[in-house]
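I have placed the structure first, in the form of structure tokens, so that the comments after it can refer back to it.
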Amino acid sequence: VDLHRETNNKEHRTSEISVEELIVRRGQSFKLTLKLAQPFKSGFDQLTMTAETGNYPSEDLGTRSRFGVPDKVPRSASAKAVWKAELHKSSSPETRILILIITPPADTPIGEYKLSARHKDKEKKLANFSVLFNPWIPDDWVFMPNEAERQEYVMNEQGIIYRGGGSFISPMSWDFGQFEKDMVKICMKLLDKNIKHWLNPANDVSARCNPIYVSRVVSAMINSADEGGVLMGNWGNDFSGGLAPTHWSGSYVILKKWYESSYQPVKFGQCWVFAGVMCSVMRLLGIPCRVVTNFQSAHDTNKNLTIDTYFDSKGVKEKESSDSIWNFHVWVEGWMKRPDLAKDGKYDGWQVVDPTPQERSEGIFCCGPTSLVAVLNGETDLKYDVPFVFAEVNADSVYWLDKSDGSKVKIFTDTKTVGQNISTKSVGSNKRMDITDTYKHKEGTAKERNVFKYAINKIENGTMLPRNIGGTAARVMSEALEMNDETHPNERTPSSLPQSQLLIRFEEVSKPEKGKDVNLKLIVSSDSNIPRTFSINISVQRMTYTGQPTGNIQTEVMEQKLLPGKDLTIPILVPFSTYHKYMIHSQTMSITTVITDLQNKENVYLASNRVVLTNPPISITVSGESRVNQEMTAEVVFMNPVNETLRNCILTLSGCGLIIGEEKTELPNLLPNNRVRVKIVFVPHKIGERTLMVNFSCTAFRDIKTSCTVNIKP
């Protein structure tokens, strides 16, 4: 048998993966040449072929197909996913040479297959090969009509993941590496390790015809919250026994480590790592996929579409609520049809699939696929997990003051903050594409509020009642929230507001950067025509990007007088020496002020601001001829910005097609204000546009990253 691997794989767009093993896409024909032991008489002889996948192949389940030339093969009347074979016109049966055109149907389960053939009394196994989804053909549920989008969302091995907070958006290069060595084996093993396969292997393999099912399985398998998953999550400070989530720059190293360690979970991941790894698996399997970041992302644990946040009288955020607002959260979208929701294609297209283990879905830590159309329309009664995703981008945020007597006072409801700047990489370029309008209607419009009301009415809990979604009386400026103390948990109505109000805002004096002091200004103004004296508490806390407070950095208390018609400006200085030990594994600090009117202590105001620190700069340049299998040199330069010696300095280079796995270099200690310049030689092994990524870590700083693009010629 000649499998024509090189030709077939090229035509099936899998030659990037391998030309040493046959990898085809369903719904598309491929060629085999058979040399028979005996002559083949057309019209008399029967060549019968069998394609099987899984350990329990069955015609009725579509995991076994018998077909042949001519197609007179007896098969079950209820056989699913029937393959076909045709004799190519250039065949020469009399000389025992048969050239066959074989077509797996567009609904055949993806997976690893065995192909055998029987002629007269001889039967022989012909080949092991793999079948993937096919976004190039209309009959496949993952069909994507636009070629530029297919190139981006299936074929591109590099991408960008966005992180940050609020209006600060930071792009990070990510290596998907879906066509690296053994990725087919790794991804097929990932499917086999899922819990549904353990419970019913025959049905699980059969269900792999369906991208809805497969994407749900992959979502569960990327995390290790249930048995056998790839990545262990860790949102704390202790990463002993593994690597901090910020270390990773690509998926392949993680997947390979899982595969080679007898499927032990790799330590550790957070949302962008889970999403990056899932995108790699989806693209390898043939499901168009992109990584998406939602800024100010809500985590609603009780499905009431409300996030409750509690502060004490000093402005310190408490840990009481299981709800939270993350600086950002990263998931993926997969492209597929959704005939399970509607036959007219209404819910086809992009679907949210989230591998970060947050809440259980049907008993397993997975999320999706969730139709974007359903989220946009507030159809929270549809599967899968629409209420959770809807809340992530659309929940209302309620702020409470926890008084010293134990009572809780609702001060402010914010209907607009959650779900900002929803971002993904653009097709064919490294520009950021804002896709917020595919998830929600414009904030502040009647349409957005009506959809919110519709969504909460559809929540399955029958005791849920529509909440009051009218406007709030408190005034907002920038990210500041002006709040008035109440003795009952109801928002004050406009008619009962005190005449004079405060406007509170924070302004950056300089760009917040790790290694430097953080400088801000708190600016307070009022429409009062009399002087007012305030007690002002300013609290600075370390925050995880998931919105959880994990350390009190500093607190200030002062008395200040606000004069009529004047702004009160209070400088806020957070020295590097003070915050450094808290912020080694974190980028975010929360600065909160609670202001009490000393003339009327019932009037309490609160404003909170999240500050995201950028890393010190690092640069990488490449020299040498950009040709495959030719040496090139990367030069990395980093300046120590702090007045202390940096120890345990490690430089990690990676980039699929440029470096196999990761290349680590240990560096000598770096003295204060000194510069390190490192040259590293590498040999690219794949052609095309490639991204070289560098990661620098030491005692004072973790995982400072940069990257550059190299176009490798043949």
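Structure notes:
- Stretchable slack from residue 2 to residue 619, in nm (0.36 nm times residue separation minus alpha-carbon distance): 217.2 nm
- Residue pairs, from the table 314/561; 314/521; 317/440; 84/125; 89/124, whose Cα atoms sit over 27 Å apart: 317/440
- Nearest-10 value in Å² for the accessible area of residue 545, using the 1.4 Å probe: 30
- Calculated from backbone phi, Karplus (6.51, -1.76, 1.60) coupling profile of the range 524-530 in Hz, x at Gly/Pro: 10, 9, 8, 9, 6, 9, 10
- Radius of gyration and Dmax over the Cα atoms of the range 150-198, both given in Å: 15.6, 45
- Neighbour net charge for residue 299 - beta-carbon separation under 9 angstrom, K R +1, D E -1: -4
- Computed extension gain for residue 687 through residue 626, at 0.36 nm per residue and net of the alpha carbon distance, reaches 21.0 nm.
- Sites residue 442 and residue 511, calculated FRET efficiency, Cβ-Cβ separation with R0 30 Å, nearest 0.05: 0.50
- Shape category assigned to the range 592-714 from the gyration tensor of Cα positions, a/c cut at 1.5: prolate
- Fraction of antiparallel bridges per DSSP, the range 229-365 only, in percent to nearest 5: 85
- Computed with the Debye formula from one identical point scatterer per Cα of the chain, without solvent, the log10 of I(q)/I(0) at q = 0.08, 0.09, 0.12 Å⁻¹ comes to -0.71, -0.86, -1.32.
- Lysines whose Cα lies under 16 Å from that of residue 193, excluding same-chain neighbours fewer than 8 positions away: 185, 256, 257
- Solvent-accessible surface (1.4 Å probe) assigned to residue 335 amounts to roughly 60 Å².
- The range 225-361 - Debye-derived log10 I(q)/I(0), Cα point model, q = 0.18 Å⁻¹: -1.15
- Packing rank of 32-41, 409-418, 235-244, where each peptide gets the mean count of other beta carbons within 10 Å, highest leading: 409-418, 32-41, 235-244
- Cα-only Debye scattering, the range 110-251: base-10 log of I(q)/I(0) at q = 0.10, 0.20, 0.22 Å⁻¹: -0.51, -1.42, -1.46
- Most to least accessible of 513, 11, 689, 663 (protein chains only, probe 1.4 Å): 689, 11, 663, 513
- Taking the centroid of alpha carbons for each part, the range 642-686 and the range 525-582 are 39 Å apart.
- Anisotropy class of the range 1-84 from Cα gyration tensor, a/c 1.5 cut: oblate
- Residue 429 versus residue 312: modelled label distance in nm, points set 7 Å from Cα along the beta carbon direction: 5.1
- Angle in degrees between helix 446-458 and the longest Cα principal axis of the chain, rounded to the nearest 10: 70
- Sorting 622-632, 200-210, 431-441, 651-661 by average packing, meaning the other beta carbons within 10 Å per residue, from highest down gives 651-661, 200-210, 431-441, 622-632.
- Cα gyration tensor shape for the range 521-590, rounded if a/c is under 1.5, else prolate or oblate: prolate
- Cα-centred dipole magnitude for the range 582-690, charges only on beta-carbon of K, R (+1) and D, E (-1), debye, nearest 20: 120
- Summing Lys and Arg as +1 and Asp and Glu as -1 over all other residues whose Cβ lies under 13 Å from the Cβ of residue 41 gives a net charge of 0.
- Förster radius 41 Å - calculated FRET efficiency between residue 708 and residue 60 (Cβ-Cβ, nearest 0.05): 0.15
- Given charges at beta-carbon only (K, R positive; D, E negative), |dipole| of the chain in Debye: 1580
- Here r is the Cβ-Cβ distance between residue 202 and residue 600 and R0 is 56 Å; the resulting FRET efficiency, rounded to 0.05, is 0.15.
- Residue 385 accessible area, assembled protein chains, probe 1.4 Å, Å²: 40
- Local net charge near residue 342, Cβ-Cβ under 11 Å (Lys/Arg +1, Asp/Glu -1): 0
- Full extension of the chain between residue 407 and residue 644 yields a length gain of 80.6 nm, computed as 0.36 nm times the residue separation minus the alpha carbon distance.
The values are calculated or read from the model by the stated rules, or taken from the named source; none is laboratory data. Because the structure is predicted, anything quoted here is derived from the model rather than measured. With ideal geometry, Cβ positions are generated from the backbone for all residues, glycine too; neighbour counts draw on all protein chains shown. Remember, those area values only see protein heavy atoms, side chains included, never the ligands or the DNA or RNA. Shrake-Rupley method; radii C 1.70, N 1.55, O 1.52, S 1.80 Å.
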